[in-house]
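Chemist: Sending over a structure as structure tokens; questions will come in a sec.
Nothing in this text is a laboratory measurement; each read-out follows from the coordinates by a stated rule. Treat the numbers as computed from the prediction; the structure is a model and nothing was measured. A quick note on method: Cβ atoms are made from the backbone with ideal geometry, for glycine too, and the neighbour counts reach across all protein chains shown.
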Amino acid sequence: MKLTNLLIECKQGDKNALLDIILEFMPLINKYNRKYFKEDISSELIISMIEGLEKMDIANNISDGQFVNYISTVIRNKYIDIVRKNIRFNTEMLTDNITRYQTLTTNIESIESKLNFYYLIKPLTKNQKWVLEQIFYSSKNRSGSSQG
């Protein structure tokens, strides 16, 4: 009943009891923190644990085992929430990068096409170039407008 006694003291405002509870669960918090290699998430896990402690009802006589299960679940659920948010964020970033890459690729292809065209018409006369430019740009505009 050591942990449940600490919980009662914590609920009565004893900050040392809260610190003792946090220290009891630091190995679990450190375990999740090591699994999440992107940044230190200890503080987020501790805050969620404190919020979980505040929600616990000391009127129900709970065992240390129930206490450990509850707090462990609170910490695990917060860890899962952090990972899901990170996955969502990374997915959005990846989608943005793919879109930028596709736009860049399209722009490069357009520039290459223009360079190839100008390279091919370079030896022609001024009038021949003008005629081919009109045809080239006219066909580009027609194919571009039919895709939209």
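Chemist: Under a 10 Å cutoff between Cα atoms, tell me which one of S113, S63, S42 has the largest fluctuation in the Gaussian network model of the chain.
Modeler: Result: S113 has the largest fluctuation of those listed.
Chemist: If R0 is 30 Å, what FRET efficiency do you get for E92 and S113 from their C-beta distance, rounded to 0.05?
Modeler: The value I calculate is 0.40.
Chemist: So between T99 and I80, what do we pick up on full extension, going 0.36 nm a residue minus the alpha carbon distance?
Modeler: Fully extending the segment from T99 to I80 adds 4.0 nm.
Chemist: How many lysine pairs does the range 2-91 hold where the Cα atoms are under 30 Å apart and the two sit 8 or more places apart or on different chains?
Modeler: 24
Chemist: Compute the angle between helix 64-121 and the longest alpha-carbon principal axis of the chain, please, reported from 0 to 90 degrees and rounded to the nearest 10.
Modeler: Helix 64-121 sits at roughly 10 degrees to that axis.
Chemist: Rounded to two decimals, what is the ratio between the C-alpha radius of gyration of the range 2-91 and 2.2 N^0.38 Å?
Modeler: 1.15
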